[in-house]
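A short write-up of the structure that comes next.
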Amino acid sequence: MKISAFHLMPHRELPDDFEKRYESVWVTPPWHELADAERVGQYYNWTLDELMFAARAGFDGVCTNEHHQNAYGFMPSPNIMGAVLAKATNGTNVAIVQMGATLPTSNPPIRVAEEYAMLDCISGGRLVAGLPLGSAMDVNLCYGITPMEHRERYREAFALTLKAWQSRELFAWNGRYYQLANVNLWPRPIQQPHPPVWVPGSGSISTFDFAVDNDVCYCFLSYSGAKAAKTMMQGYWDVVAKKGRETNPYRAGFLQLVAVAETDAAAEAKYARHVEYFYHKCLHWPIQYLSPPGNQDYRSLVAAAKSNVRRAEDTKALRYRDFVEKGYVIAGSAATVRDRIKEEVVKGLRVGNLMVLLQIGSMPHELTLENMDRFAREVLPSLRGEWNDEGWVNSWWPERLRGGAAVPAAAPVGAGRA
Amino acid sequence: MTPAGSAATERTIPVWDGKVRIRVQSKGSGPALLFLHGPWGLAWDPFLDELAKSFTVHAPEHPGTTPDTPDDIYQLDNLWDLVLCYDEALQALGISGATLVGHSFGGMLACELAAAYPARVGRLALIAPLGFWRDSDRVVNWMMLDPARLPGYVFRDPGSEAARRMFGTADDPDAATAARVRLAWSMGATGKFIWPIPDKGLKKRIHRVSAPTLLVWGKEDRLVPPVYADEFTRRIAGARVQTVDGAGHVPHLERPEVVGRMIRDFVAG
């Protein structure tokens, strides 16, 4: 399987009473009360250093994502981070996994197609092209897109992006939301017919259908862990089977929070407060932000209204041991972490493209590197062979990186390709 | 037509080349009056009964807000499409030179119709209409409120009978689910035309309104502050404002007899 290091680029020093004093970590947190640009510059550099550390340590890919007006993750342009990583990882077999630039917030959306083509060129064909719908907070609340148009715009932009990468001729796009008379992308991606496409989702039925119909890798970017995702991912695999696709595990991606230490007890001592910071502060927002009226289509709205017993758990009432026990976070010794990932994520969800979040909330730089180092040395090698016995091809991974293990960087960082 | 006290009659008018179906409830006798509802859907209420004593009231449901035809809303891209749909609906109803009454979102729409088709509108009564934006008095986005707090923004007294009728949950779980879905979808379908700020260019078009105009505002409107009445009165010649004591954003539901009388007097005057 393929294992990538994911990063949110969070604010690591929110005040202790943040969740009591402020209504939300997203959309409305006041910058001038909570942040300092010089310090935030340090966060960005730590983030890049941590992902580069992961790249050198043997991870298969490095992942960035897009959020807006959000103190738990503020890479409004993941492609700026991706550009740094693409250049700095030249000479390695590490994939640049953009999870990614959000189509409905990019106008015109061929901007994403262009920037991804640039990243593919710079990295020598190592791009994984995440094409997310984007959250309601980012797209509707921060970027002003009408909730009822959100999915329609996404679907049109998705089709436009795929065509822009592949068309041999200049074409005109006369769409409902986008009209471009001369689409003629410069540059085009190295990977043909186009870079592998991953579509992140959060469990919506209509996204399952969309992912399977378009033959992409569906990625569940959950903060609730694999245990809680089991029913939902089974729903995805049911759609895969129903639509007659092979149940190739590489058709699925999953994000799991992970913390590794010498022993289970040491993990608690080192990571408990950072895990609690993440769930108590970073995921602090009014529940109605998730779905303004019209954001869900009618079918999903009816389904959600009927199953209102399945309300999200109040994570503010939980502590470290609850998060570990319930599987929100897989934490402990290397053996514990390895066994739980194999059981709960790999087998439990049938996932071939694993993403792990190793910098969690307030976790400082040095501890993040320690977590990454332990994971890379003591956990990752025993996971890499998963699924090999079944002989699946990871069609959703850059073709030139599909062979064996990633090799640590031979060339000095920054030396450039070839 | 129908006597007050009896149930409203119902008909569905196909517009937009048959792709959008507008269900219209009608009741009463006298000159025609069109009522355009706000963001929370249409329910026949004591205010409409009050009007039906003096008028033949036609109350259409905005595209998409009728439970049988939720996806009709996807046929319309913008406010211009919606105004054209209503022109077609008025044509089908045979309404010309009638009184238009609109509340909130429906008030904005009534004003747009009066600007686009001055001849269709005899008199215009706008109850807490949307359509303008002031940075100093921001309209509260009801679509982003905690559902538990929404009634307190719409009604001065969220515990009132009228508030329970709009937001209350039925005892029967299926009915409660249907009500929740209908409320959310009504907000989404009407919100499509005003997200994220309910200023969609009425200020460029409102000078075309020639009908005598009455503005009605609840004195304690917490959603669209009463100062917004100024935006209308300074642009529509002769427009008058009447405020309603003890009312929030839905004065016609909070004081149906008072607002009903205001409109009757306005039409008679």
Quiz prompt | Isotropically averaged projected area of the protein assembly as shown, using the convex hull of Cα atoms (one quarter of hull area), nm² | solution = 31.8
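Averaged over peptide A:299-307, how many Cβ atoms belonging to another chain are found within 10 Å of each residue's Cβ? Can you show the working numbers first?
Details: counts 2, 0, 6, 7, 1, 3, 10, 6, 1.
Taking all residues of A:299-307 together, the mean is 4.
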Quiz item: Principal axis lengths of segment A:216-282 from Cα atoms, whole Å, largest first?
Solution: 48, 27, 19
Exercise. Would you work out if segment B:178-264 is rounded, prolate or oblate? Take a ≥ b ≥ c from the square roots of the eigenvalues of the alpha-carbon gyration tensor; rounded if a/c is under 1.5, else prolate when a/b is larger than b/c, oblate otherwise.
Key: oblate
Practice problem: Using all C-alpha to C-alpha distances in segment A:47-197, build P(r) with 5 Å bins and read off the rounded percent in each one. | Solution: 2, 10, 20, 20, 19, 15, 10, 4, 1, 0
Quiz item: Out of the DSSP beta bridges found with both residues in chain B, what percent are antiparallel (nearest 5)?
Solution: 35
Quiz item: Quick one: which of A:K20/B:K219; A:K20/A:K316; A:K270/A:K347; B:K27/B:K200; A:K2/A:K342; A:K281/A:K306 span more than 22 angstrom between C-alpha atoms?
Solution: A:K20/B:K219; A:K270/A:K347; B:K27/B:K200; A:K281/A:K306
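For chain B, take the alpha-carbon Rg, divide it by the Kirkwood Rh, and send me Rg/Rh. Write out the running numbers ahead of the final one.
Working: Rg = 17.0 Å, Rh = 18.4 Å.
Checking Rg against Rh, the ratio lands at 0.92.
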Self-check item: Using distinct alpha-carbon pairs, which all enter the 1/r mean, Kirkwood radius of segment B:66-184 in Å
Solution: 16.8
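Going highest first, how would you order A:148-159, B:199-210 by mean Cβ packing within 10 Å? Write out the running numbers ahead of the final one.
On the way: A:148-159: 21.0, B:199-210: 15.7.
For the peptides A:148-159, B:199-210, the packing ranking is A:148-159, B:199-210.
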Quiz item: Any number yet on Rg/Rh for segment B:110-269, C-alpha, Kirkwood?
Solution: 0.98
Quiz item: Which of these, A:I287, A:I360, A:I122, has the largest mean-square fluctuation under a Gaussian network model of chain A (Cα springs below 10 Å)?
Solution: A:I287
Quiz item: Given only helices, namely DSSP H runs of n ≥ 4 each adding -39500 (n - 2.57), what is the per-residue ellipticity at 222 nm of chain A, to the nearest 500 deg cm²/dmol?
Solution: -11000 deg cm²/dmol
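Using the count of nearby Cβ atoms within 10 Å as a rough guide to exposure, how do A:E370, A:E344 rank from fewest to most?
Lowest count first: A:E370, A:E344.
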Exercise. Scan around A:S222 for amide H atoms under 5 Å from its own, H built in the peptide plane at 1.01 Å from N, and keep only partners 5 or more places away or cross-chain.
Key: A:L255
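I'd like the per residue volume of the convex hull spanned by the Cα atoms of segment A:123-193, given in cubic angstrom.
Working: hull volume 7.6 nm³, N = 71.
Hull volume normalised by residue count: 107 Å³.
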Practice problem: Normalising by the residue count of segment A:248-343, find the relative contact order in percent from Cα pairs under 8 Å and 6+ residues apart. | Solution: 57
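How crowded by other chains is B:185-192, given as the mean number of beta carbons from other chains within 10 Å of each beta carbon? Write out the running numbers ahead of the final one.
Details: counts 9, 2, 4, 12, 4, 3, 8, 6.
Partner-chain Cβ atoms within 10 Å, mean over residues of B:185-192: 6.
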Self-check item: Label-to-label distance, nm, for residues given as A:E13 and B:D172 (7 Å Cα→Cβ offset)
Solution: 6.0
Quiz item: Hey, which lysines would be in cross-link range of B:K19, C-alpha to C-alpha under 19 Å, not counting anything within fewer than 8 residues on its own chain?
Solution: B:K192
Self-check item: Computed helical MRE - 222 nm, chain B, DSSP H runs ≥ 4 contributing -39500 (n - 2.57), nearest 500
Solution: -9500 deg cm²/dmol
Quiz item: GNM, chain A, Cα, under 10 Å: largest mean-square fluctuation among A:N388, A:N45, A:N93?
Solution: A:N388
Quiz prompt | Convex hull volume of segment A:226-349 per residue (C-alpha atoms, cubic angstrom) | solution = 122
Practice problem: Could you let me know the centre-to-centre spacing of segment A:227-301 and segment B:132-204, using Cα atoms, in angstrom? | Solution: 31
Quiz item: For B:D174, what is the net charge nearby, where nearby means another residue's Cβ is under 12 Å from its Cβ and Lys, Arg count +1, Asp, Glu -1?
Solution: 0
Quiz item: For chain A, which DSSP H helices look membrane-span-like by this rule: Cα extent along the axis of 24 Å or more and mean Kyte-Doolittle of at least -1.0?
Solution: A:37-57, A:225-242
Quiz item: Which FRET efficiency, nearest 0.05, do A:N174 and A:D314 yield, Cβ-Cβ r, R0 45 Å?
Solution: 0.40
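Using Cβ contacts closer than 10 Å as the measure, can you line up A:T336, A:T161 from fewest to most?
Going from sparsest to densest Cβ surroundings: A:T336, A:T161.
Looking only at segment A:15-157, where both bridge partners belong to it, what percent of the DSSP beta bridges are antiparallel (to the nearest 5)? Please list the in-between numbers first.
On the way: 1 of 8 bridges.
In segment A:15-157, DSSP labels about 10 percent of beta bridges as antiparallel.
Normalising by the residue count of chain B, find the relative contact order in percent from Cα pairs under 8 Å and 6+ residues apart. List each step's numbers first, then the result.
On the way: 531 pairs, mean separation 53.0, N = 269.
Relative contact order of chain B: 20 percent.
Give me the inter-chain shielding for B:20-33: mean count of other chain Cβ atoms within 10 Å, whole number please.
The mean count of partner-chain Cβ atoms within 10 Å per residue comes to 0.
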Quiz item: Roughly how many Å is it from the Cα centre of segment B:209-269 to that of segment B:1-58, as a whole number?
Solution: 20
Practice problem: Please list, or write none, the aspartates and glutamates whose alpha carbon is within less than 16 Å of the alpha carbon of A:K227, excluding same-chain residues fewer than 8 places away. | Solution: A:E313, A:D322, A:E325, A:D339, A:E343, A:E344
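Using the 10 angstrom Cβ neighbour count as an exposure proxy, how do A:S300, B:S96 rank, fewest first? Mind dumping the intermediate values first?
Numbers: A:S300 17, B:S96 13.
In increasing order of surrounding Cβ atoms, one gets B:S96, A:S300.
As a test, work out the antiparallel percent of DSSP beta bridges whose residues both lie in chain A, rounded to the nearest 5.
Working: 4 of 38 bridges.
Close to 10 percent.
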Exercise. With just the Cα atoms of segment B:22-112, tell me how far they stretch along each of the three principal axes, in Å, largest first.
Key: 36, 25, 22
Self-check item: Relative packing of peptides A:213-223, A:128-138 - highest average C-beta neighbours within 10 Å first
Solution: A:128-138, A:213-223
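Any read-out appearing in this document is the output of simple, stated calculations on the displayed coordinates, not a laboratory observation. Because the structure is a prediction, the values reported are computed rather than measured. In this analysis, Cβ positions are derived from the backbone assuming ideal geometry, glycine residues included, and neighbour counts consider all displayed protein chains.
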